[in-house]
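The values are calculated or read from the model by the stated rules, or taken from the named source; none is laboratory data. Please read these numbers as outputs of a predicted model, since none were measured by experiment. Counting neighbours? That spans all protein chains shown, and the Cβs are built from the backbone with ideal geometry, glycine included. The accessibility values were calculated without ligands, DNA or RNA, using every heavy atom of the protein model including side chains. Shrake-Rupley method; radii C 1.70, N 1.55, O 1.52, S 1.80 Å.
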Amino acid sequence: MLASLTCAGAKAQCTARPLPFTEPFATNPLQACTPTLGGWTNTSATSGAGWWVPGTNYAGGAIPEIEAYGDQANGGVSETITLTSPPINTNSVSTYTLQFKHNLYLTNSAASGSGSITLKVETSQDKVNWTQHHTASYNATPSLTSVMQEIRVLVINGNTNDSTYIRYSISGVLFKVWGWEIDNVIVQSGGSTGVKDLYGTSLMVAPNPFQESLKVHCA
């Protein structure tokens, strides 16, 4: 006779979020993963740099947003901190679009070391092996400056992952980072030459058609 066993006190699994997936960072995204909420994980640095959810909208979405912040305790040491999404259900989806708004404030005032700060966006099925889809480097300025603000759209082709994690990383002398703000993350199946923001913003896309990535401007 077969016996059915139930583990007492077992934690609820982090259910893969269905497509279209949207994340406005309004419901404590850094809380422990439940079947429907939370589940964003992050790393911090020795200097004290890390991630939090401030009541700001520098990325261009609605308040709040999520932000990577530097710390004024570590001068010229290069570090990396990451932010990883909960699993997203991409089973049987060969092509999907990742869209998000972001803004980067930098300053090199009273800081030593390289002024170059690098941003990366990657995906993974197992959070061990990562595929890079976007990278960009920006230089810190003498005074506090927004060196980049954009809506970034990435079309991921040839997907074979049943579920997908998205990872944002920022590297460099994080002393020089006042804040990298990210908001309105959207993942939807298919690749389109005319992407419409699910939060209601009409977008103008160029060039048209495109393949890998492009800048998108609000109409």
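Below are the figures for this structure:
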| quantity | calculated |
| --- | --- |
| Descending semi-axes in whole angstrom, ellipsoid equivalent of segment 6-151, from the Cα gyration tensor | 30, 18, 16 |
| Stokes-Einstein diffusion coefficient of segment 101-158, Kirkwood radius over Cα pairs, 4 °C, 1.567 mPa s, in µm²/s | 97 |
| Gain on full stretching of the segment that runs from residue 71 to residue 127 - 0.36 nm per residue minus C-alpha separation | 17.5 nm |
| Extension gain (nm, one decimal) between residue 144 and residue 91, 0.36 nm per residue minus Cα-Cα | 14.8 nm |
| Per residue, in Å², the accessible surface of segment 13-72 once ligands and nucleic acids are set aside, probe 1.4 Å | 49 |
| Where labels lie 7 Å past Cα in the beta-carbon direction, separation of residue 31 and residue 157 in nm | 4.1 |
| Scaled radius of gyration (Cα, divided by 2.2 N^0.38 Å) that segment 126-175 gives | 1.53 |
| Accessible-area order (highest first, 1.4 angstrom probe) of the listed residues 25, 175 | 175, 25 |
